[in-house]
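Written below as structure tokens is the structure these notes are about.
The values are calculated or read from the model by the stated rules, or taken from the named source; none is laboratory data. Note that this is a predicted model, so its numbers are computed, not measured. Because the Cβ atoms are built from the backbone with ideal geometry, glycine has one as well, and the counts that use them run over all protein chains shown. Each accessible area value is taken on the protein alone, full model and side chains, heavy atoms only, with ligands, DNA and RNA left out. Shrake-Rupley method; radii C 1.70, N 1.55, O 1.52, S 1.80 Å.
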Amino acid sequence: MSMRLLKYAFIEDYAEDNWFNTPSDLKATYDVVIIGAGGHGLACAHYLAQDHGITNVAVLDSSYIGGGNTGRNTTIIRSNYLTPDGVKFYDQSIKLFKNLSCELDTNIFFSERGHYTLAHNTSTLRTARWRAEVNKHLGIKSEVVSPDEVLRACPEIQLDCGGSQAVEGALYHEPGAVARHDAVAWGYAKSASARGVEIHQHTPVTGINTDAQGISEVVTPKGVIKTRTVLSAVAGQTPSITKMVGIKTPIEIFPLQACVTEPIKPWLNTIIVSGSLHMYLSQSSRGELVMGAALDPMELHSRRSTFEFVTGLCDQVLDLFPFLSGVKINRQWAGMADMTPDFAPIMGTTPVKGFFLDSGWGTWGFKATPISGKTMANTIATNLNDPLIQSFNLDRFKNFNLVGEKGAAAIGH
Amino acid sequence: MKFFEFPLLGTRAISEFVPAHDDVLEPINLADNISAGDWVYERDSVPKITTEFWYHSTSQIWFKVERNTGTNQIYSAEVLRE
């Protein structure tokens, strides 16, 4: 524990200002109600206030700030996607991330590491080449590299994978980075709150009422709010919210689990991902190895982590890094992922007037936090889908106009 | 690890099974006011008790499993016959 923190424990008159307001009562009306005080919801509130001067905004959360998928991801940021729509979108996100610490006056521990997606067979290598070409065409630094170059970046890796599925190459993505996910949510909360946005934690939404003009009221246990604009930014629970307004989406909920090891000395300077081994690995600034795997195989609305996950993941990690066999797992957890059929998000306007969606974030939500907030704020302020998110609209499923991003998923599904 | 008593197989870990989708789509009636896209993609993924089709790869037997998607509780499993 730092001495600074310890000092505050004994000072009655707490010197550090609260980062964000905690109003006890809801107002009768708000211009915009955002459901979900995670990174996306708070980022939208921040950009609504900063870019558009809309400050009569309430951000509601059934739990606490950043307690959902914002605090449950593995903090990887990248833009090496497969479709031009995805690449352009995530590239803008990285650009915003790079300047976010200054913009929010909060250190988000943004750390550019480079990102290797390992290819263990010809078909993965083919997809890697495809992604590299799309990326390069759009000015993103991605290239296919040989196993020797992977070894140079990460000398501890065992390229033969213990005798099966040897590494044949990798997609190297220079802008790949990590950042502290809680700090992103707190920073956006601080900035939005300073501009007048109200953040109501422990305020679940139990109903949304509509009238002939669209959205009319949001129902909570603390009272009914009159509003004409609602944004749903609730990763993992979107179908429960859309059901309140009578919209069906293709989203299905699957658990995604992750874990960290005990802190060890820094040895991993990059991010290693293997779709074939269903694992990804990076080292946090605290020295913990942050590891994740594929989605659980069955639909489940639960955040319980499982023993099978840890044993299965460790088995795969040890194929690449046998020297980690003595390292202990410190914590494990699960989040609920909004999975879409094309592995792209669902954003923007909906058939219900005044109801906006920022959803379908599956396993790719944290890296989009700033740009989703910015584009959703623009969409809400103008009531027109921002050009960057037009192809992510819900109506693409009705028209069979999907955005096929499955090949760019970090891990197999 | 989660186990359940399956007919024919006895007590098995549920991780041994490959789940297939729960919905069995009825043929679309184009006269209804629903697009083919909605028919293919729309889901109702809220916590509920549902019937799923699980495949046990080593025995090559399909099961019809009743499960709560909110709590992961399994209520019943029966062998799926043609």
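Observations
- FRET efficiency for A:GLU12 and A:ARG286, using Cβ-Cβ distance with R0 set to 51 Å, rounded to 0.05: 0.95
- Sorted from longest to shortest, the spans of the Cα atoms of chain A along the three principal axes equal 65, 61, 38 Å.
- Kirkwood hydrodynamic radius of the stretch A:297-413, from inverse mean 1/r over distinct Cα pairs, in Å: 16.8
- Under conditions of 25 °C and 0.890 mPa s, the stretch A:156-289 yields 124 µm² s⁻¹ as its translational diffusion coefficient, taking Rh as the Kirkwood radius over Cα pairs in the Stokes-Einstein equation.
- Buried accessible area, chains A and B (both chains, 1.4 Å probe, Å² to nearest 100): 2000
- Here the gap between A:ASN209 and A:GLU112, fully extended at 0.36 nm per residue and compared with their Cα-Cα distance, gives a gain of 30.5 nm.
- Just so you know, the Cα atoms of the stretch A:1-110 work out to an Rg and Dmax of 17.4, 55 Å.
- Principal axis extents of the C-alpha atoms in the stretch A:121-207 (largest first, rounded to whole Å): 55, 34, 31.
- For the stretch A:43-179, diffusion coefficient by Stokes-Einstein and Kirkwood Rh (Cα), 10 °C, 1.306 mPa s, µm²/s: 92
- Note on A:237-245: average number of Cβ atoms from other chains within 10 Å of each residue's Cβ is 2.
- Heavy atoms of the protein chains alone define the surface here; on that basis the stretch A:1-147 has 48 Å² accessible area per residue at 1.4 Å probe size.
- Within chain A, helices built from complete DSSP H runs that reach 15 Å or longer along their own axis (Cα positions) and carry a mean Kyte-Doolittle hydropathy of -0.5 or higher are A:39-52, A:181-194, A:307-320, A:369-382.
- Label-point gap, in nm, between B:ARG81 and A:VAL219 - each point 7 angstrom along Cα→Cβ: 4.7
- Long-range tail of P(r) for the stretch A:213-331 (Cα pairs > 17 Å, %): 66
- Burial of accessible area (probe 1.4 Å, heavy atoms of protein chains only) in the stretch A:286-318, relative to its chain alone, reaches at least 30 Å² for A:MET298, A:GLU299, A:LEU300, A:HIS301, A:GLU308.
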